[in-house]
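Read the structure below first, then the notes.
Every number in this text was worked out from the coordinates using simple rules, so none of it is lab data. All of these numbers come straight from a predicted model, not from anything done at the bench. Positions of Cβ are generated from backbone atoms using ideal geometry, with glycine treated the same way; all protein chains shown enter the neighbour counts.
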Amino acid sequence: MTSGRSRATAYALLGPTASGKSRLALELAARLPLEIVSLDSTQVYRGMDIGTAKPSREERARVPHHVIDIVEPDEAYSAGRFRVDAVRAVQGILARGRIPLLVGGTMLYYRALVSGLDALPAADPATRAAIDAQAASRGWAALHAELAQVDPRAAQRIAPGDAQRIQRALEVWRLSGRPMSSLQTASAAPLPFALKTFAIVPADRAALHRRIAERFDAMLAAGLIEELTSLRARYRLSAELPSMRAVGYRQAWEFLAGACDRATLRDKAIAATRRLAKRQLTWLRSFRDIESLTEPDWNQLAARMTAADPNLPLGQGSNPAR
């Protein structure tokens with residue numbers, strides 16, 4: 001445990017995509033001896049660097065990052081596995097006398113961390129294949145309407161175009177005979193550390209949308225399409241894999257398949273990212289015990305953190321002894 005701190009405490013920094021979480025975390029790392037634990041469901045995949053806004057090699061050399069590059073793009077990864085990996089990473093950081101900071105926008109992973117995992121059936125490839133086939137013939141909007149009949153609470157939370165979540169909710173219904181919303185009641189084993197959470201909730205949504213567009217343009221300029229082309233050559237990938245359903249990669253896949261031109265790819269990816277940000281903000285409103293920041297402002301965050309723990313060793317920086 002860091003000297004002067006009475007409890008083993010980890011911190012979390014949440015927020016919608018393109019809200020400035022990563023930049024703020026690095027600014028914080030320049031002033032505190034911390035290590036970052038990624039709370040991002042796409043940065044776990046090796047080789048998916050550009051489209052996930054993964055920290056650069058230089059940033060990772062300067063500040064240790066965890067739960068990044070741990071599975072291949074053709075592998076599955078779950079919220080349950082994340083909870084195990086994240087708890088292990090946080091405990092390791094605390095054991096080194098440093099400060100853990102969980103950073104990201106995968107709100108399902110955050111909920112799994114703090115509230116536990118739902119008692120849901122495991123994924124079933126045959127059921128998923130059947131749902132995908134129905135979606136191909138009828139469309140995801142029709143399957144969303146079907147979900148509204150069997151699980152109206154889940155359908156209310158899930159957008160008609162959110163294929164991955166519609167598929168999972170229908171899969172749970174078909175496997176268990178019970179609505180997914182009725183099964184999402186499990187409680188977590190207590191975390192072996194205290195957790196203090198902050199979230200960036202941008203007040204200016206138009207500015208957030210501009211940053212989303214600028215960031216995706218930067219990804220295209222950095223070689224997102226070329227990155228996906230390389231991944232397709234190295235792995236046996238399909239459009240149905242969770243990794244390839246990630247925003248940006250899904251639209252780039254359609255472009256490579258000849259289903260759209262580059263301008264349409266850009267428009268669809270930006271629109272999908274804006275919808276993702278909206279869902280992330282909806283998640284944030286549902287969480288308790290979170291302190292909100294309107295901007296990724298170091299001074300504002302430092303004031304909040306030191307109010308919670310006056311013994312934080314500000315000014316020590318993050319470079320670990322090697």
Out of residues 5 or more away from Ala10 or on other chains, whose amide H comes under 5 Å of its own, with H placed 1.01 Å from N in the peptide plane? Ala194, Leu195, Lys196
Could you run the Karplus curve 6.51 cos²θ - 1.76 cosθ + 1.60 with θ = phi - 60° over segment 48-62 and give me ³J(HN,Hα) per residue in whole Hz, x for Gly and Pro? 9, 9, 5, x, 9, 6, 5, x, 5, 4, 5, 5, 6, 6, 7
For segment 232-244, Karplus couplings with θ = phi - 60° (6.51, -1.76, 1.60), whole Hz, Gly/Pro x: 5, 6, 8, 10, 8, 9, 9, 5, 8, 5, x, 4, 7
Equivalent-ellipsoid semi-axes of segment 178-244, from the Cα gyration tensor, Å, largest first: 33, 25, 15
Name the residues whose placed amide hydrogens come within less than 5 Å of the amide hydrogen of Ala53, ignoring near sequence neighbours (fewer than 5 apart) on the same chain. none
Please give the length that would be gained between Arg57 and Arg288 if that part of the chain were fully extended, namely 0.36 nm times their separation in residues minus their C-alpha to C-alpha distance (nm, one decimal). 79.7 nm
Matching label, P(r) over Cα pairs in 20 Å bins from 0, in percent computed from the structure shown, candidates (1) 30, 59, 11, 0; (2) 29, 48, 20, 2; (3) 21, 26, 19, 14, 8, 6, 4, 2, 0: (1)
Hull volume per residue for segment 3-68, using the convex hull of the C-alpha atoms, in Å³ is 101
Tell me, what HN-Hα J-couplings in whole Hz come from the Karplus equation 6.51 cos²θ - 1.76 cosθ + 1.60 at θ = phi - 60° for each residue of segment 22-31, using x for Gly and Pro? 5, 4, 5, 4, 5, 4, 5, 5, 6, 10
Quick one: length gained pulling Gln149 to Ser115 fully straight, 0.36 nm per residue minus the C-alpha distance? 9.5 nm
Dipole in debye (nearest 20) - the chain, about Cα centre, beta carbon charges: Lys, Arg +1; Asp, Glu -1: 460
For Ile200, distant residues with modelled amide H under 5 Å away: Leu14, Gly15, Leu293
Stretched out fully, how many nm does the piece from Ala194 to Ala129 gain, at 0.36 nm a residue minus the Cα gap? 19.3 nm
Given +1 on the Cβ of Lys and Arg, -1 on the Cβ of Asp and Glu, and no further charges, what dipole in debye does segment 131-219 carry about its Cα centre, rounded to the nearest 20? 220
Which residue, Gln91, Ala207, His66, has the largest displacement toward the positive end of the dipole of the chain when charges sit on each Cβ (Lys, Arg +1; Asp, Glu -1)? Gln91
Report the relative contact order of segment 200-314, percent, no decimals, based on alpha-carbon pairs under 8 angstrom and at least 6 residues apart. 35
